[in-house]
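What follows is a set of notes on a single structure, which appears directly below.
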Amino acid sequence: MDGTVAIPRYQQVADAIKAKIDSGEHPVGDALPTEQALCEDYGVSRYTVREALRRLAALGLVRRRQGSGTEVVSRRPPETYLHAMRSLSELFEYAEDTRLEMTRVELHVPDEETSAFLGRRPGRRWGLIDGVRRTREGEALNFTRIWLHDDYAAALDAMRDHDGPLYRLLEERHGARVEEVVQEITAEPMPGDAAEALGEAPGTPAVRLVRRYLGEGDRPIVVSANWHPAANFRYAMRLRREEQAL
């Protein structure tokens, strides 16, 4: 590798729209073109447009409202922090707009350390899925490892050919409704299998997102670990001042 980092297409689209906002071509208070129009303007997929808009929202330049389009709210990024993924619906939308290219699907008995990480006793069987999550244009986003609770392991074979979100398949086959997702973010060197899948050097700085998909009574349905190259990852959230007690 020559060390050159290609700019993802969604970032290119975000930068282009940002430049138009800054120049006044998309003035504050106006609505941006529809997602479909932006797809046609830039020759990209709906996922790419949505990710670009999420990033502009994270900068505080636009406000997205379901059913009302995207409004320009500022020419320049305000000094606030915005979480780009604030709800289960946005997380599920992300799963809808990307695809998981599976490289391993099997039944697996985790070792003691992994069992502790999963919150289950050693010796229990889990479904295990490895893969690379990609945009619809094929750009690699992250390496993903998914552990599927053994209660739902019967759906494992169907997942090999399943192109949509895994949670939907589990809902259809088992009625496994996700009530809550708990997310943990850590920084660590990228493990060898993740690095190989993403074309990175082992030990490359990475951000690991662990998501625990919980059903009723905090019962784990799926646990996923997602490794992102640190150079391509940005996390933001909005912090509001709390009312001071009188």
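The values are calculated or read from the model by the stated rules, or taken from the named source; none is laboratory data. Since the structure is predicted, the reported quantities are computational estimates derived from the model, not experimental observations. Please note: Cβ atoms are built from the backbone with ideal geometry, for glycine as well, and neighbour counts cover all protein chains shown. Calculation scope for accessible area: heavy atoms of the full protein, side chains included, ligands and nucleic acids excluded. Shrake-Rupley method; radii C 1.70, N 1.55, O 1.52, S 1.80 Å.
Placing a pseudo-label 7 Å from each Cα along the Cα-to-Cβ vector at residue 37 and residue 180 gives an inter-label distance of 4.2 nm. Close amide H contacts of residue 176 (hydrogens built in the peptide plane, cut-off under 5 Å, sequence separation of 5 or more or a different chain): 171. A simple count of charges around residue 219, restricted to other residues whose Cβ falls under 10 Å of its Cβ and scoring Lys, Arg +1 and Asp, Glu -1, yields -4. Once both labels are positioned 7 Å from their Cα atoms along Cα-to-Cβ, the gap between residue 218 and residue 151 label points is 1.5 nm. Once the 1.4 Å probe is applied to the protein heavy atoms, the range 109-239 comes out at 50 Å² accessible per residue. Label separation (residue 113 vs residue 230): 2.0 nm, computed from points 7 Å beyond Cα along the C-beta direction. When 185, 7, 21 are compared by accessible area at a 1.4 angstrom probe, the order from most to least is 7, 185, 21.
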